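The next block holds one structure in the form of structure tokens; read it before the comments.
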Amino acid sequence: MKRAILLLLPVLLVTSCQNKHSFTVKGTIHNTGIKYIYLNRVDVNTPVLIDSAAISKKGSFSFKVKAGEPEFYQLGFSVSNFITLLAEPSEAIRIDFGSENLYDGYKVTGSEGSEQVRVLDDQLSATKKKLDSLRVVYDAASKLPDFSTRGPELDAQFTSLIKELRKKNIAFIITHTKSMASIKALYQRIDENTYVLYDPRDLQYLKIVSDSLTRYYPHSKNVQALAADTKKELEQMYANRLESYAKTQPSKSLNPDLKDITGKRISLSSLKGKYVLLTFWSVDSKDCIAENLSLKETYRKYRSRGLEIYQINVDENEARWREEVRFDELPWINTREDDPKNPENARLFNVRAVPANFLFDREGNIIGTNLHGNALQIKLNQIFN
């Protein structure tokens, strides 16, 4: 008896190992004349066909898919008739469809992520149906004499439904920060132009999910795309804040006037008529040092064509700043915060991390923020070439 168990053990180990790198999908759908169902993997925003399965006379089908981490999949008949799965290795997913409209009342078990996605899709679908019904009522009411009273009431109901769905998605995100299903909650749309998370303040949830998932799934294409989108949105938000702040403050508020390395005080406004790259940096940052070295070639290339660099150091140690400027032979305007312990200019420009930069046009308007590497080269090439 013991020998039989020992012989069986290697088989169990091999099977277990194989399951760690794949998942299965089995399901049933009745009363359909369609013969095949398709499975696409979603690479960020692009569905990629990975397999198809025949639907038996009894309505059953099955897939076995190799996988290394949680990913989104589309299971369905066409680009308009499918459901979304969030499948992980080793899962045995079971799906039962109620009708040929696959997303209408299906059941899924064996996959926590896929069940979470189903909940989100059901919430969105239910809200859309209510909004569609309201539109019909609104159109009919618009032809009646009491529309001046009835119209605002219907508008309020419409807004209330959208707000309620937003609250549900936020609640989901807060309680599922470790699940990639939260990506679905972030990007759901009510229609082509309206996200469920429509408020500018909702950017905080984008960052919460991005930070969390990057910790757990750093190699996921979907998570990497989320992180890139979050960075882009945050940079745009900071730029918008800065622009808004600049419009409401005296021009001198965003006009650094600091001593250069020779002790001469130079203001940013004195450079009007040139394109100016205003940069903030620190000797302690390797990224800053590397960027300075690459900027030397950029400066050599475009200086004679109207580019100036006005650099502000934020370090408390003045001697190290002077030493670094001389050692790396930085050829542009090198200045330093008057009081590094209270970096007024960095605060006014809402600098959160270094290196940071702001590109000004000849009139002194900000036309770019945090342009580094290729992004800066492309922008300067557009300006000067």
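Among the residues of the range 355-372, those that are in a loop (DSSP other than H, G, I, E, B), more than 21 Å from the chain's Cα centre (by Cα) and not acidic (Asp, Glu) comprise 355, 362, 364, 365. Looking only at the range 19-50, residues that are among the charged types (D, E, K, R), more than 19 Å from residue 102 (Cβ to Cβ) and surrounded by 14 or more Cβ atoms within 10 Å (Cβ to Cβ) come to 0 in all. The sole residue among 111, 142 that is out of contact with any Pro (no Cβ under 7 Å at 6 or more places or on another chain), among the hydroxyl-bearing types (Ser, Thr, Tyr) and at pLDDT below 95 is 142. In the range 90-113, is there at least one residue being in contact with a His (Cβ under 8 Å, 6 or more places away or on another chain), of a type outside the set (Phe, Trp, Tyr) and under 22 Å from residue 179 (Cβ atoms)? Within the range 90-113, none of the residues are in contact with a His (Cβ under 8 Å, 6 or more places away or on another chain), of a type outside the set (Phe, Trp, Tyr) and under 22 Å from residue 179 (Cβ atoms).
Tally the residues that are in contact with a Lys or Arg (Cβ under 8 Å, 6 or more places away or on another chain) and surrounded by fewer than 19 Cβ atoms within 10 Å (Cβ to Cβ), restricting the search to the range 316-327.
2
Filtered by the rule that a residue be part of a loop (DSSP other than H, G, I, E, B) and touching a helix residue (DSSP H, G or I) at 6+ places or on another chain (Cβ under 6 Å), the range 300-327 gives 314, 315.
So which of 242, 277 ends up being out of contact with any Gly (no Cβ under 8 Å at 6 or more places or on another chain), modelled with pLDDT of 90 or more and either at negative phi or in a helix (DSSP H, G or I) (or both)? So that I can check it myself, show each step before the final result.
Values: 242 fails: modelled with pLDDT of 90 or more.
Matching residue, one of 242, 277: 277.
With respect to (1) modelled with pLDDT of 95 or more; (2) within 20 Å of residue 80 (Cα to Cα); (3) in contact with a strand residue (DSSP E or B) (Cβ under 8 Å, 6 or more places away or on another chain), the lone exception for residue 92 is condition (2).
Return the pairs, sorted by first residue and then second, in which the second residue is part of a helix (DSSP H, G or I) and surrounded by 15 or more Cβ atoms within 10 Å (Cβ to Cβ), the first residue lies in the range 214-239 and is of a type in the set (Phe, Trp, Tyr), the beta carbons are less than 8 Å apart, and the residues are 6+ apart or on different chains. Short answer, once both residue conditions are applied: 217/223. Scanning the range 109-120 for residues that are crowded, with 21+ Cβ neighbours inside 10 Å and either free of Cβ contacts under 8 Å to residues at least 24 places away in the same chain or among the small types (Gly, Ala, Ser) (or both) gives 111, 113, 114.
Checking each residue in the range 329-354 for being in a loop (DSSP other than H, G, I, E, B), surrounded by 14 or more Cβ atoms within 10 Å (Cβ to Cβ) and of a type in the set (A, V, I, L, M, F, W, C) picks out 330, 332, 349, 351, 354.
Under the condition of being within 18 Å of residue 360 (Cα to Cα) and not hydrophobic (A, V, I, L, M, F, W, C), which residue from the range 271-299 is surrounded by the fewest Cβ atoms within 10 Å (Cβ to Cβ)? Checking each candidate, the answer is 273.
The values are calculated or read from the model by the stated rules, or taken from the named source; none is laboratory data. Given the structure is predicted, the values throughout are model-derived calculations rather than measurements. Backbone-built Cβ (ideal geometry, glycine too); neighbour counts: all protein chains shown.
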